[in-house]
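Heads up, the thing below is written out as structure tokens.
Rule-based calculations on the coordinates, nothing more; no lab input. Please read all numbers here as calculations on a predicted model, not as lab measurements. Note that we place each Cβ from the backbone using ideal geometry, even for glycine, and neighbour counts take in every protein chain shown.
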Ligand SMILES: Nc1ncnc2c1ncn2[C@@H]1O[C@H](COP(=O)(O)OP(=O)(O)OP(=O)(O)O)[C@@H](O)[C@H]1O
Ligand SMILES: [Mg+2]
């Protein structure tokens with residue numbers, strides 16, 4: 001059975017390839033702790049980004065050091081927002097808290113929204129993947145919906161939920177669910193007939209088939225969907241928190257903009273970027289852990 | 001005595017859209033309990049299709065498959081299959097692959113300890129007990145096939161269905177596994193249907209050899225009895241008159257009377 005073509009280069013990123021296991025010869029060499037080699041390795045991966053960063057900061061400093069320039073240079077960011085940079089977890093009162101706390105609050109929201117999207121996405125994807133017609137009918141619709149930006153969902157979800165908190169979570173949910181659904185469905189379609197035959201001979205029921213065959217067999221696809229999804233849900237956080245207010249990092253940016261604290265916004269952007277990066281790595285790591293051995297056969 | 005397995009005037013036609021291909025026509029065969037039957041025929045004649053019909057993975061178009069006088073038309077662990085390409089689940093270890101079958105088939109019938117013993121017994125039978133924690137990607141092709149056999153045996157099937165079980169292996173490994181298969185058959189007395197391309201393998205292992213004509217609409221062309229006493233030893237048989245005669249009969253069928261015709265496709 002041929003797979004309905006999914007015309008997407010972004011969402012379906014193909015199966016997520018765990019690193020192949022390498023065989024480490026145990027007794028071949030005397031194990032000496034190679035300090036020098038390690039230092040060189042670290043230097044090779046750490047030094048280039050640091051150098052590039054320093055150059056970029058320098059250029060930025062030069063470009064915006066004019067007092068009339070529209071944006072602050074790095075030196076001013078450091079001068080005005082130093083507390084935010086150096087101590088992520090201070091607490092000086094209700095609204096005056098470190099960005100670390102704000103990130104945690106936002107992460108909680110993402111955890112709800114994305115967690116829900118992951119569960120619903122895998123289940124819906126599994127259902128759709130079972131049927132050629134469901135796939136043909138729904139795939140184009142999903143392909144359209146997945147391109148709707150997070151902000152565009154805001155008014156609708158407010159109108160539907162009337163309350164800001166569920167609306168915010170809904171925005172995260174609806175932004176991140178599509179790649180999970182689509183990739184899961186493709187993964188399920190790609191389960192080899194052999195595995196289905198094994199399940200049939202053993203007379204596995206639907207539930208057993210779902211968690212013993214379908215999920216592990218489609219895991220590489222599911223995880224590449226989750227990886228894209230977690231990125232999208234973090235992208236949606238600013239939009240979502242414009243609604244909720246409170247202490248999230250997204251709302252902090254909105255608030256800083258309203259009171260013209262540009263340097264704070266810059267620091268918050270760096271935080272968001274770093275956390276997004278770590279979320280991505282975390283899902284990759286989980287994926288590599290779970291799909292060990294699945295992709296290679 | 002009524003037959004253990006009976007293929008009763010089976011026909012199979014695949015239809016896709018308006019196009020239909022008749023793959024098998026009027027297959028009649030009875031197999032006794034404990035018999036080792038090989039099916040041989042040119043590539044694409046419908047051997048796998050026939051095996052899938054017995055397994056219940058494909059539905060017959062005409063006729064019926066009767067096992068102990070009961071019609072079977074859905075798959076089940078009483079007809080365990082060793083597939084053409086082992087089809088172990090790559091995310092499970094050797095042990096877990098067998099356990100998948102054992103825990104399903106013997107749920108409620110064996111305790112956990114008994115199930116463990118049963119898994120180990122079957123892995124020992126195929127000499128794979130040393131590699132229980134390996135994943136399929138970490139073992140050789142011959143080992144995978146042995147685990148596939150262990151998984152099938154562990155279901156305690158009424159009939160063991162082997163689809164070119166040794167086809168993808170090198171000659172040495174194949175010979176070794178053939179010997180093991182004979183030993184298992186002698187010990188457990190299973191009823192076995194094996195598909196093969198290999199004339200020597202068919203003669204060495206089988207009680208009867210079913211030779212199929214070329215498709216489309218393949219039939220059973222001839223059934224050859226192999227009256228060789230067991231246990232059989234490949235070296236002793238190499239110059240045995242009966243063995244050579246059987247071998248010649250199969251070769252003649254395949255290469256003189258039913259030469260592979262490409263145009264049949
Ligand atoms: N699901 C299907 N739909 C349509 N035609 C099929 C289907 N399965 C098999 N066939 C056709 O049936 C014929 C027999 O296929 P089958 O796989 O049984 O051959 P085989 O004898 O096992 O070949 P080989 O020795 O190469 O494994 C082939 O011509 C194939 O194209
Ligand atoms: Mg075949």
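If you wrap a convex hull around the alpha carbons of the protein assembly as shown, what volume per residue comes out, as a whole number of Å³? Don't skip to the answer; put the middle values down first.
Values: hull volume 136.3 nm³, N = 562.
In the protein assembly as shown, the Cα hull volume divided by residue count equals 242 Å³.
With the contact rule set at Cα under 8 Å and sequence spacing of 6 or more, what percent relative contact order holds for the range A:204-285? Intermediate results must be reported in sequence, preceding the final value.
Working: 41 pairs, mean separation 24.3, N = 82.
Relative contact order for the range A:204-285 comes out at 30 percent.
Pop a pseudo-label 7 angstrom from the Cα along the beta-carbon direction at both residue A:203 and residue B:8 and give the gap in nm to one decimal.
2.1 nm
Taking a ≥ b ≥ c as the square roots of the eigenvalues of the Cα gyration tensor of the range B:88-167, is the shape rounded (a/c under 1.5), prolate (a/b larger than b/c) or oblate?
oblate
Across the range A:139-231, what fraction of all alpha-carbon pairs, as a whole percent, falls in each successive 10 Å bin from zero upward?
16, 34, 26, 18, 7, 0
What are the extents of the Cα atoms of chain B along their three principal axes, listed from largest to smallest and rounded to whole Å?
Projected onto the principal axes, the Cα atoms of chain B cover 53, 50, 41 Å.
Working from Cα positions, state the angle (0 to 90°, nearest 10) between the long axis of helix A:150-161 and the longest principal axis of chain A.
Taking the Cα atoms of chain A, the angle to A:150-161 is about 80 degrees.
Against the longest principal axis of chain A, how steep is helix A:35-64, in degrees 0 to 90 to the nearest 10, with axes from Cα atoms?
The angle comes out near 50 degrees.
Taking 25 °C and 0.890 mPa s as the conditions, I'd like the Stokes-Einstein D for the range A:241-281 in µm²/s, using the Kirkwood hydrodynamic radius from alpha carbon pairs.
This corresponds to a translational diffusion coefficient of 232 µm²/s.
May I ask you to derive the FRET efficiency for residue A:40 and residue A:70 from their Cβ-Cβ distance with R0 = 56 Å, giving the value to the nearest 0.05?
Working: r = 43 Å, r/R0 = 0.77.
E between residue A:40 and residue A:70, to the nearest 0.05, is 0.85.
Is chain A rounded, prolate or oblate when judged by the Cα gyration tensor, a ≥ b ≥ c being the square roots of its eigenvalues, rounded requiring a/c under 1.5 and prolate requiring a/b larger than b/c?
Oblate is the answer for chain A, as a/c is 1.5 or above yet b/c matches or exceeds a/b.
Could you order the peptides A:112-118, B:132-138, A:130-136 from most to least packed, using the average number of other C-beta atoms within 10 Å per residue?
Highest to lowest by the protection proxy: A:112-118, B:132-138, A:130-136.
Based on alpha-carbon positions alone, could you give the equivalent ellipsoid semi-axes of the range A:51-156 from the gyration tensor, as √(5λ), descending, whole Å?
That gives 44, 22, 14 Å for the three semi-axes.
Over all pairs of distinct alpha carbons, what does the Kirkwood formula give as the hydrodynamic radius of the range B:159-252, in Å? Write down the numbers at each step before the final one.
Numbers: mean 1/r = 0.0712 Å⁻¹.
Kirkwood hydrodynamic radius for the range B:159-252: 14.0 Å.
Can you show me the helix-derived [θ] at 222 nm for the protein assembly as shown, built from DSSP H runs with n ≥ 4 at -39,500 (n - 2.57) apiece and divided by the number of residues, rounded to the nearest 500.
The helix-only estimate for the protein assembly as shown comes to -17000 deg cm²/dmol at 222 nm.
Going by alpha carbons, how many degrees (0 to 90, nearest 10) lie between the helix axis of B:171-188 and the longest principal axis of chain B?
The angle comes out near 80 degrees.
For a Förster distance of 35 Å, can you work out the FRET efficiency between the beta-carbons of residue B:33 and residue B:140, rounded to the nearest 0.05?
0.55
Is the range B:1-146 rounded, prolate or oblate when judged by the Cα gyration tensor, a ≥ b ≥ c being the square roots of its eigenvalues, rounded requiring a/c under 1.5 and prolate requiring a/b larger than b/c?
prolate
Divide the volume of the convex hull of the Cα atoms of the range A:122-183 by its number of residues and quote the answer in cubic angstrom per residue.
82 Å³
If I stretch the segment between residue A:136 and residue A:94 completely, what's the gain in nm (0.36 nm per residue apart, minus their alpha carbon distance), one decimal?
10.0 nm
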